[in-house]
Every structure is written in C-alpha cells, then in structure tokens.
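Working notes for the structure below.
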Amino acid sequence: MDKQRIQELALQAGAKLGGYVHNVSLLQPDGTYQWDEDRHTDTTTMDLEKFAELIVKECASAVNSRDDSDTGFWANIIKEHFGVEK
C-alpha cells in the first residue's frame, strides 16, 4: 500500500499530522533491530465519509487512466456503485 498517498487523502479529509512514531522493524541479519520514524496521523478529526469519497475517486481515476476508450465508463461504474458524484 502507498502509505504516503493514504495519509495525503486522510489529511484532505480533515486528519491532522501528529508527532513522530518510532517503529521497529524485523530483526536484522546482524542481530540488531532497524528503527524508522513515521508521522502519526490523528484521524479523530477526520470526516470518514469524505475520506471514503476520496479513495473512491482515486480508484476511479486510476481505472480511467487505463481506459483505452477514453469514455470513463469503468470509472463512472465505480463512482455510481459507491454513490460518489462525478
């Protein structure tokens, strides 16, 4: 999954970026653990309906960009299925 793109959509839906969260990955071959940092996304202020709408539009856009007919037929099917306006 594209965590960065999902975070961008969450922010568009009203989520806020929080502090850094330290994540530990799997044990490395040399016996150490590899640490990385991610920004925590606070979703308590997020509009879930807006977030879902943005995901549906993103999916429809991805399908539309691969639709050789250039009619947007499949993108419109996806949007209609989820009740998202064009």
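Table for the structure above
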item	result
Unmet criterion (only one of (1) at pLDDT 85 or above; (2) in a loop (DSSP other than H, G, I, E, B)) for Asp67	(1)
Boolean, Ala13 is surrounded by 15 or more Cβ atoms within 10 Å (Cβ to Cβ), under 20 Å from Val84 (Cα atoms), hydrophobic (A, V, I, L, M, F, W, C) and at pLDDT 85 or above	yes
Of residues in the stretch 16-52 being surrounded by 12 or more Cβ atoms within 10 Å (Cβ to Cβ) and among the hydroxyl-bearing types (Ser, Thr, Tyr), the one modelled with the lowest pLDDT	Thr41
Selection from the stretch 53-86 of residues that are small (Gly, Ala, Ser) and exposed (fewer than 15 other Cβ atoms within 10 Å of the Cβ)	Ser61, Ala62, Ser65, Ser69, Gly83
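The values are calculated or read from the model by the stated rules, or taken from the named source; none is laboratory data. These numbers come from a predicted model, not from an experiment. Cβ atoms come from the backbone with ideal geometry, glycine included; neighbour counts cover every protein chain shown.
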